[in-house]
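Structure first, then comments.
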Amino acid sequence: MIRICSRVLTFIRTIVNMSAVLLITLMMALIFAQILGRYVFNFSIAWSEEMATFAQVWLVMLGAGIAMRRGQHVGIDMMILYFPMWAQRLVKVAAFALVVWFLGVVIVGSTGLIAIGYIVKSTALQVPMAAVYYALPIGMSYFLLEFAIATLPQIFGSQSSDTEAAT
Amino acid sequence: MSVVFGGFVLLVFSGMPIVFALGVGGLLAIQLMTDVPLSIVAQRIYGGVNSFTLMAIPFFVTAGVVMEAGGIARRFVDLAAALVGWITGSLYLVGIVTGTGLAAISGSGSADTAAVGSILMPEMKRRGYDVDLAASIIAASGALAPIIPPSIIMIIVAVTANESIGAMFLGGVVPGLMIAVAMGVTCWLIARRGGEAYRDHTAFSGRALWQAFMSALPALTLPVIIVGGIVGGIFTATEAACIALIVTLLVSLLIYREIRLVDLPALFVKSVGLSAAVLMIVSTASVFSWIIATLGAPEMLDTWMRSITSSPIIFLLIVNIFLLIIGMFMESISAILIIVPVLMPIAVSFGIDPVQFGVMTTLNLSIGLITPPYGICLFVSAVVAERRIEQVSRRVWIPLIPMLIVLGLVAYVPEVVLTLPRMFFP
Amino acid sequence: KAGHTNVVDSIQAQGLQKLRDLLEEKTDGQATIEIFPNGQIGDEAQLVEGVILGTVDMAQVSNSTLSNFVQDLRVLDMPFLFSDIPSLSVALDGPAKELMQQSAQGSGFELIGSYSSGIRHLMTKKDINTIDDLANLKIRTMQQPMHVEAFRAYGANPTPMAYSELYGALQSGVVDGAEGATSDYNAQKFYEVADHFSLVGWLNLTSQIVMKQSKFDALPEDVQVALLEAGTESATWQRQYVVEQEEPLLQELADKGISVVKPDTSGFRAASKPLYDGFIETDSQRVLFEALTN
Ligand code: NA
Ligand code: NA
């Protein structure tokens, strides 16, 4: 059971990592093409900025989980170290519940956007906006997964747990 | 209103990442204080990152990650050593000059601090420098990165306030260089009276300088491309950042050859994480600032401020003290996103130039990078120096003095900031 | 709660403020509108989505943004449809008004009023007297396929770029000119870097105020009536206001030594005609087009 879970997790992380590398490369290529187009070929691509911006939305939504896994989200955790152990655990449980609520609201709320996104087409590319809005539930679900993996051991497990830093 | 801010501070101290403290704080306020459907949260999260201008950030962040791995920082240290290595207290000055140089090609402070610190700190320790002072100086040199263009903080200030990124960038050049010079003089004065440790230095050599210059030359083209490109109207800020990344990749892969193509995916994953950490804060902060705007905070603060004073001088004093305190405790990007939309209109109504106010805000929050208890550059520097934050904090007032003096000039002598931008952006 | 993305004293915002004042007057202060300017509560697309999702009560957005949701309205954004703002005004208050309301309601919106967003001309480094003067000039356009296509049809080399970069691009010669409204040309000081202004009036843009239809229907009967009346009256007032704004502005520009010319637009009109067929995709668009132009 645990083996299957960890395999699925490794698979998800690999996909997310590969997507991240592809997206940043795509953004770079699109903007470079736009500059080349303007100065070298004297021809403008109307959709390069829009496509790069959409890539950025996907990049950030997926990257939020990557940053969680790598411990790149900053926070101030030294204040609660002055609390007694039981209080620390209580605060952590409350904080965990609030974050789950927040990400849940984003994921549920995005369904409304996606419904609109099937009707509305983007300005330049003329693709349904849903193609971009799907980044919200998918990215934030992965964010939630990595957040749970990073936080739950601190609440239930031993006191010295560390998030996986290597990729 | 104070309930919303108080709730946010409590959430931050609960230890949850700031990205969540902003989102949860905003969501709680929307749930408890309005009857707006919660789908507004998803809408704002999307709107926060749906910005072409902000795309400069992932590009600059990626360029910074590649620079760190690709040997550019080391060549800047070598060049700085050849330039100022013959002066008393040389390593402090090498640190400051390198910090200034790296500031001109990178957008954020912590990576610069790590690069300079890890190269210089062992040598500083060997020569018997005051380690805590050295760590403070290196942290402050790293904190120059947001003031001297390019700068992620300035991009966010400019985007938030709807001002020109190019004008803001140019406005930071003079104050940034003034801080570098003032810090250099401070260090030289200390080193001159500081005893034997600081007299150990290498003789000046024209040939060594030339060699170091040639070796750093490919990397030195970057500030020219970035600032020249934006100011000349050749590139947008986003395009300039993209070109900077491509040049950095070419220099690191083909000229310095310290990284290979196969190293790139790992570096990109790292930079995507770092970029997302920044831009996700922009997103969740836009939830928070939406509820603040909806509850009418800008008008309330405006009325309150006017009831206290009608003098721009007093207004600037209050704002600076406020921002310095914020900078002590808060992460700079979330601070901007919450504060700038509220304060900028008030500043403009007091007759203050938005570019000057933007640079002043940036400088305040850069100072925040080295002020305890929460300062990223100070953290990084202390880790590299293998000292505790409290130990390094005891010396941090020394680089703070020149920074605060320049802050005073920026606040009360607008020409310090505005002369350059006015030449290029009428 | 009403949001828009324009600055407080813009021509569009004046229309919304007039709407609020008239509504308060008609309902003796029983109903009012709280205005959030400057994109404070969202950009244009977000505002329309907000109206649908119920997070914003009322939005003032450009017709082009709204027409992403209400396809029929796309017709209004076609080039050289109306030669000036008075003729736009006549068309909007004619039989087309009812058709536009029907289209909006078909997508779940209630159209409160149609305002002028100004008429767009050409700023360049040389005089544009006929369409031939435009040949091979690099003209900055918005990032809209229709705009790019139109300027390609006029023989220019359309260059879409962000508005914030336009001044620098004109200065450095990255582009030879741009299209824009007189008020922007004056306010953004574009005349410093492109000192020829040609009154082609290629686009005569509108801005729309909408609510969610179900939210509108839930309002008390008398408020509904007052709101629609206020919408019509404020729109009429605002379009006249735009016309009155324009004249002294052009005089001011001429006084500054800017070459302001009134070109022969027949070439442009002829080149625009074939574009119409490409834009009109549905029968209901065709019906609205006929109603607007006859
Ligand atoms: Na910098
Ligand atoms: Na600080």
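Read-outs throughout are calculated quantities, based only on the coordinates presented, and are distinct from any laboratory measurement. These figures come from a predicted structure and were not determined experimentally. Backbone-built Cβ (ideal geometry, glycine too); neighbour counts: all protein chains shown.
Please report, largest first and rounded to whole Å, the three semi-axes of the ellipsoid equivalent to chain B, where each semi-axis is the square root of five times an eigenvalue of the C-alpha gyration tensor.
Details: eigenvalues 254, 118, 89 Å².
Equivalent ellipsoid semi-axes, largest first: 36, 24, 21 Å.
With the contact rule set at Cα under 8 Å and sequence spacing of 6 or more, what percent relative contact order holds for chain A? Mind showing how you got there, number by number?
Values: 148 pairs, mean separation 44.8, N = 167.
Relative contact order, chain A: 27 percent.
Would you mind classifying region C:230-294 by shape? Square roots of the alpha carbon gyration tensor eigenvalues, ordered a ≥ b ≥ c; an a/c under 1.5 is rounded, otherwise it is prolate if a/b is larger than b/c and oblate if not.
Working: a/c = 4.16, a/b = 1.37, b/c = 3.04.
Here region C:230-294 falls in the oblate category.
So how much slack lies between B:Arg388 and B:Met423, counting 0.36 nm per residue of separation and subtracting their Cα-Cα distance, in nm? Don't skip to the end; give the middle numbers.
Values: separation 35, 0.36 × 35 = 12.60 nm, distance 4.54 nm.
Gain in length upon complete extension: 8.1 nm.
Got the relative contact order for chain B handy, in percent, Cα pairs under 8 Å and 6 or more residues apart? Walk me through the numbers before you get to the answer.
Values: 650 pairs, mean separation 114.4, N = 426.
Rounded, it is 27 percent for chain B.
Based on Cα coordinates alone, diagonalise the gyration tensor for region B:151-221, multiply each eigenvalue by 5, take square roots, and list the semi-axes in whole Å, largest first. Walk me through the intermediate numbers first.
Details: eigenvalues 241, 88, 15 Å².
Value: 35, 21, 9 Å, ordered largest first.
Can you list the HN-Hα couplings for region B:261-277, worked out from phi with the Karplus curve (6.51, -1.76, 1.60; θ = phi - 60°), rounded to whole Hz and with x for Gly and Pro?
3, 5, 6, 4, x, 4, 5, 5, 4, 4, 6, 5, x, 5, 5, 5, 4
Among the listed pairs C:Lys26/C:Lys215; A:Lys121/C:Lys18; C:Lys138/C:Lys262; A:Lys121/C:Lys189, which are separated by more than 23 Å between their Cα atoms? Write down the numbers at each step before the final one.
Values: C:Lys26/C:Lys215 20 Å; A:Lys121/C:Lys18 33 Å; C:Lys138/C:Lys262 21 Å; A:Lys121/C:Lys189 34 Å.
Exceeds cut-off: A:Lys121/C:Lys18; A:Lys121/C:Lys189.
Taking the convex hull of the alpha carbon atoms in region C:162-294, what volume per residue do you get, in Å³? Before the final figure, lay out the partial values.
Details: hull volume 24.8 nm³, N = 133.
Dividing the Cα hull volume of region C:162-294 by its residues yields 186 Å³.
Using only Cα atoms, find the angle between the long axis of helix A:85-119 and the longest principal axis of chain A, and express it within 0 to 90 degrees, rounded to the nearest 10.
Approximately 20 degrees, to the nearest ten.
Starting with the highest mean, order B:366-378, B:146-158 by the number of other Cβ atoms within 10 Å, averaged over the residues of each peptide. Provide the component values of the computation, followed by the final result.
Details: B:366-378: 24.5, B:146-158: 28.2.
Result, highest mean Cβ count within 10 Å first: B:146-158, B:366-378.
For region B:314-366, how big is the tail of P(r) above 14 Å, as a whole percent of Cα pairs?
Numbers: 646 of 1378 pairs.
Counting every Cα pair in region B:314-366, those more than 14 Å apart make up 47 percent.
Okay, helix-only estimate at 222 nm for chain B: each DSSP H run of n ≥ 4 adds -39500 (n - 2.57), divide by all residues, round to 500 deg cm²/dmol; what do you get?
Details: 21 runs with 317 residues, N = 426.
Result for chain B, helices only: -24500 deg cm²/dmol.
Per residue of A:9-20, how many C-beta atoms from partner chains lie within 10 Å of its own C-beta, taken as a mean?
Values: counts 0, 0, 0, 0, 1, 0, 0, 2, 6, 2, 1, 9.
The per-residue average across the peptide is 2.
Apply the Debye scattering formula to chain C, with a single equal point scatterer on each alpha-carbon and no solvent, then give log10 I(q)/I(0) at q = 0.13, 0.15 Å⁻¹.
-0.91, -1.19
Could you check what % of the DSSP bridge pairs in the protein assembly as shown are antiparallel, to the nearest 5?
Working: 23 of 36 bridges.
Taking every DSSP beta bridge within the protein assembly as shown, about 65 percent pair in antiparallel fashion.
How many percent of DSSP beta bridges within chain C run antiparallel, rounded to 5?
DSSP beta bridges in chain C are roughly 65 percent antiparallel.
Convert each backbone phi in region C:216-232 into a coupling constant with the Karplus relation 6.51 cos²θ - 1.76 cosθ + 1.60 (shift: θ = phi - 60°), then list the ³J(HN,Hα) values in order as whole Hz, x for Gly and Pro.
Coupling constants for region C:216-232: 5, 5, 6, 6, x, 3, 5, 5, 4, 4, 4, 5, 5, 4, 4, x, 5 Hz.
When you look at the Cβ of every residue in B:292-299, what mean number of other chain Cβ atoms sits within 10 Å? Spell out each step's value before the answer.
Numbers: counts 1, 5, 7, 0, 2, 0, 1, 0.
Averaged over the peptide's residues, the number is 2.
Above 13 Å lies some portion of the pair distances; for region B:227-281, what is it as a whole percent of all C-alpha pairs? Before the final figure, lay out the partial values.
Values: 1027 of 1485 pairs.
Summing the P(r) tail past 13 Å for region B:227-281 gives 69 percent.
What is the packing order of peptides B:277-288, B:395-406, C:192-203, B:330-341, taking the mean over residues of other C-beta atoms within 10 Å and listing the highest first?
On the way: B:277-288: 27.0, B:395-406: 18.8, C:192-203: 20.9, B:330-341: 23.4.
Taking the mean over residues of other Cβ atoms within 10 Å, the ranking is B:277-288, B:330-341, C:192-203, B:395-406.
Report, by chain and number, residues whose modeled amide H sits under 5 Å from the one on C:Leu137, excluding near sequence neighbours (fewer than 5 apart, same chain).
Placed amide hydrogens put C:Asn157 under 5 Å from C:Leu137.
Nearest 500 deg cm²/dmol is fine: what mean residue ellipticity at 222 nm does chain C get from its DSSP H runs of n ≥ 4 alone, each adding -39,500 (n - 2.57), divided by its residue count?
On the way: 12 runs with 137 residues, N = 294.
It comes out at -14500 deg cm²/dmol, rounded to the nearest 500.
When the scattering of the protein assembly as shown is computed by the Debye formula from its Cα atoms alone, each counted once and equally, what is log10 I(q)/I(0) at q = 0.07, 0.09 Å⁻¹?
Listed by q, the Debye log ratios stand at -0.59, -0.97.
Convex hull over the Cα atoms of region B:1-49, averaged projected area in nm²? Write out the running numbers ahead of the final one.
Values: hull surface 14.1 nm².
Over all viewing directions, region B:1-49 projects a mean Cα-hull area of 3.5 nm².
Which residue, chosen from A:Val8, A:Ala94, A:Val21, occupies the Cα position most advanced towards the positive end of the dipole of region A:1-156, where the dipole is computed from +1 (Lys, Arg) and -1 (Asp, Glu) charges on Cβ about the Cα centre?
My answer, from the dipole projection, is A:Val8.
Take the alpha carbon atoms of region C:195-237, find their radius of gyration, then divide it by 2.2 N^0.38 Å using N residues; give the quotient. Numbers along the way, then the final one.
Details: Rg = 16.9 Å, N = 43, 2.2 N^0.38 = 9.2 Å.
My calculation over the Cα atoms of region C:195-237 gives 1.83.
Just checking the output field for B:263-271: average partner chain Cβ neighbours within 10 Å of each residue's Cβ?
Values: counts 0, 3, 7, 4, 1, 8, 12, 6, 4.
Shielding by partners across B:263-271 averages 5.
Starting from the Kirkwood Rh over alpha-carbon pairs, what translational D in µm² s⁻¹ does chain A have by Stokes-Einstein at 37 °C and 0.692 mPa s? Present the calculation step by step, with values, prior to reporting the outcome.
Details: Rh = 18.5 Å.
Using the Kirkwood radius from Cα pairs, D works out to 177 µm²/s.
Rank the residues B:Phe52, B:Phe60, B:Phe425 as a footprinting-exposure proxy: fewest other Cβ atoms within 10 Å of their Cβ go first.
On the way: B:Phe52 17, B:Phe60 29, B:Phe425 20.
Arranged by neighbour count, lowest to highest, B:Phe52, B:Phe60, B:Phe425 become B:Phe52, B:Phe425, B:Phe60.
Which cross-chain or sequence-distant (5 or more) residues have an amide H under 5 Å from the amide H of C:Gly118, H modelled 1.01 Å from N in plane?
So C:Gly118 has HN proximity to C:Leu205.
Which whole-percent values make up P(r) of region B:111-162 when all C-alpha to C-alpha distances are grouped in 5 Å steps starting at zero?
5, 19, 22, 17, 12, 10, 8, 5, 3, 1
Hey, which of these cross-link pairs are over 25 Å Cα-Cα: A:Lys92/B:Lys270; C:Lys125/C:Lys273; C:Lys97/C:Lys273? Let's see the in-between values first.
Working: A:Lys92/B:Lys270 27 Å; C:Lys125/C:Lys273 27 Å; C:Lys97/C:Lys273 23 Å.
Among A:Lys92/B:Lys270; C:Lys125/C:Lys273; C:Lys97/C:Lys273, the Cα-Cα distance tops 25 Å for A:Lys92/B:Lys270; C:Lys125/C:Lys273.
For region B:120-137, in order, what is each residue's ³J(HN,Hα) by Karplus, 6.51 cos²θ - 1.76 cosθ + 1.60 with θ = phi - 60°, in whole Hz (x at glycine and Pro)?
For region B:120-137, the Karplus-derived couplings read 8, 4, x, 5, 4, 5, 4, 7, x, 5, 5, 4, 5, 5, 4, 5, 5, 4 Hz, x marking Gly and Pro.
Contact order normalised by length for region C:195-294, with contacts defined as Cα pairs under 8 Å and 6 or more residues apart; what percent is it?
Values: 28 pairs, mean separation 51.2, N = 100.
Relative contact order comes out at 51 percent.
What is the order of C:Arg140, B:Arg394, fewest Cβ neighbours within 10 Å to most?
Details: C:Arg140 26, B:Arg394 12.
Final ranking by Cβ density, sparse to dense: B:Arg394, C:Arg140.
Quick one: if you take sqrt(5λ) for each eigenvalue of the C-alpha gyration tensor of region B:255-391, what semi-axes come out, biggest first, whole angstrom? Numbers along the way, then the final one.
Working: eigenvalues 245, 77, 41 Å².
So the equivalent ellipsoid measures 35, 20, 14 Å along its semi-axes.
For region C:53-105 and region C:192-212, compute the distance between their C-alpha centroids and round to whole Å.
Measuring centre to centre over Cα atoms gives 15 Å.
More than 22 angstrom separation, counting every C-alpha pair in region C:20-178; what % is that? Before the final figure, lay out each step's value.
Working: 7103 of 12561 pairs.
When every Cα pair of region C:20-178 is considered, 57 percent fall beyond 22 Å.
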